[in-house]
Amino acid sequence: MIDTAPTTKNITSFKYAVKSAKPITASEKVELDTPFKIWDPSKGIKLGPVTLHFYSLMFVFAFGFGYVLMTKIFKIDNVNQKYLEPLFTWTLIGTILGARLGHVIFYQPELFKEDFWSVFLPISTKNGLKFTGFSGLASHGATIALIFTTLYYSFKIIKKNPFWVYDRLGIVVALGGAFVRMGNFFNSEIVGKPAAPNSPFALLFPQQSSEYGVTVPRYPSQLFEAVGYVALFILLWVLYRKTDKKYQQGWLFGLFFIILWAIRFFVEFLKEPQGDEFIQIGSLNTGQVLSIPFMIAGVVIMVVSKKFKITQAENEKPE
């Protein structure tokens, strides 16, 4: 219940607006009558004065399960576990820093001028200092950063062909990507375009950002992407465990690149634009344009991987 009429300034603070022929009293019960499914979860788990946000929890799951999975992979390949910790560290740095910079560069470059420190820190200095968390992370930026951090790890630490590391990292990243998209789903962000009222996927996101306008049934594009990444993870894991493709360094990574970015490319047709998308070609948006070079790179990597075949003995790190 509100005491004042909605205006252009306060309308964004309301989750639902009810139009009634007569005034509604506080004692009356009002229910939303809609044929659509509603996604309106709590933001997180309250632990006293602190709230553990589901988005943050999904990142914890992504890195936690990734660490466990990579531990198993190193055991399968008979690689010394001492090389695991630095891989986790460099992957964490590359993912967070790259994803944040990627979002700002590709979608919000104005932040470099308007709120510089918010680019690198989870704060905002506009209209006073306040903690905001990182509200924008881009997978393209994370991928580019991971390529460079993994190159350092490969040449300076584990001293293996970078493609050997990329092959195994791709398996972990596919699963991690699914958790991240689930986090987006909990946050009602990166929502899909309006869906037809009779679509079985039509979903209402009352917590969506005001930038998307009035709340209407939309596609749960976050879930579409998450399901695709889980399927990719299963495929890569089966190929890694049941075939000898892990000895053709780069082959699994190339396949990972092609399928991952193809999933992103096609799901983008159902997504709303993210920020000011200034990189466009024809009807393709920023996410699709940036995915094309990665898919092409995947094809090239699969082709050249024939030159990097190794034996099982060569696969194991000598001590």
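The values are calculated or read from the model by the stated rules, or taken from the named source; none is laboratory data. All figures in this text were calculated on a predicted structure; none of them were measured in a lab. Please note: Cβ atoms are built from the backbone with ideal geometry, for glycine as well, and neighbour counts cover all protein chains shown. What goes into the accessible areas is simple: the full protein's heavy atoms, side chains included, and nothing from ligands, DNA or RNA. Shrake-Rupley method; radii C 1.70, N 1.55, O 1.52, S 1.80 Å.
Data for the structure
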read-out: Pair Phe155, Ser20: separation of 7 Å Cα→Cβ label points (nm); value: 6.9 nm
read-out: Whether the chain is rounded, prolate or oblate, judged on the alpha carbon gyration tensor where a/c under 1.5 counts as rounded; value: prolate
read-out: FRET efficiency, Thr34 to Glu211 (Cβ-Cβ, R0 30 Å, nearest 0.05); value: 0.85
read-out: Sequence-distant residues sharing a close amide H with Lys271 (under 5 Å, placed H); value: Lys193
read-out: Tilt relative to the chain, helix 221-242 - C-alpha long axis, 0 to 90 degrees, to 10; value: 20 degrees
read-out: Gain on full stretching of the segment that runs from Ala313 to Phe269 - 0.36 nm per residue minus C-alpha separation; value: 11.3 nm
read-out: Where Thr143, Thr25 fall by accessible area, highest first, once all protein chains stay in place (1.4 Å); value: Thr25, Thr143
read-out: Heavy atoms of Tyr247: accessible area, 1.4 Å probe, square angstrom to 10; value: 50 Å²
read-out: Around Val68: net Lys/Arg minus Asp/Glu count, Cβ-Cβ under 14 Å; value: +2
read-out: Set Lys82/Lys306; Lys242/Lys271; Lys75/Lys159; Lys245/Lys271; Lys75/Lys246; Lys160/Lys245 screened for pairs whose C-alpha atoms are more than 26 Å apart; value: Lys82/Lys306; Lys242/Lys271; Lys245/Lys271
read-out: Solvent-accessible surface ranking, highest first, for Thr150, Thr8 at 1.4 angstrom; value: Thr8, Thr150
read-out: Cut-off 12 Å between beta-carbons: net charge of the residues surrounding Lys193, Lys and Arg +1, Asp and Glu -1; value: 0
read-out: Value of [θ]222 nm, deg cm²/dmol, for the chain, DSSP H segments ≥ 4, -39500 (n - 2.57) each, nearest 500; value: -16000 deg cm²/dmol
read-out: For Arg100, solvent-accessible area (1.4 Å; no DNA, RNA or ligand), Å²; value: 10 Å²
read-out: Among Ala178, Ala17, Ala231: highest mean-square fluctuation, GNM of the chain, C-alpha pairs under 10 Å; value: Ala17
read-out: Assigned charges on the beta-carbon of Lys, Arg, Asp, Glu; the chain dipole about Cα centre (debye); value: 760 debye
read-out: Heavy-atom accessible area ranking, 1.4 Å probe, most first, across Trp261, Trp90; value: Trp90, Trp261
read-out: Value of relative contact order over the chain, rounded to a whole percent, pairs C-alpha under 8 Å and six or more apart; value: 18 percent
read-out: Of Glu189, Glu268, Glu110, the one that fluctuates the most in a GNM where the chain has Cα springs shorter than 10 Å; value: Glu110
read-out: The range 34-121: relative contact order as a whole-number percent, Cα under 8 Å and 6+ apart; value: 13 percent
read-out: Radius 14 Å from Cβ of Val300, net charge of other residues (Lys, Arg +1; Asp, Glu -1); value: +2
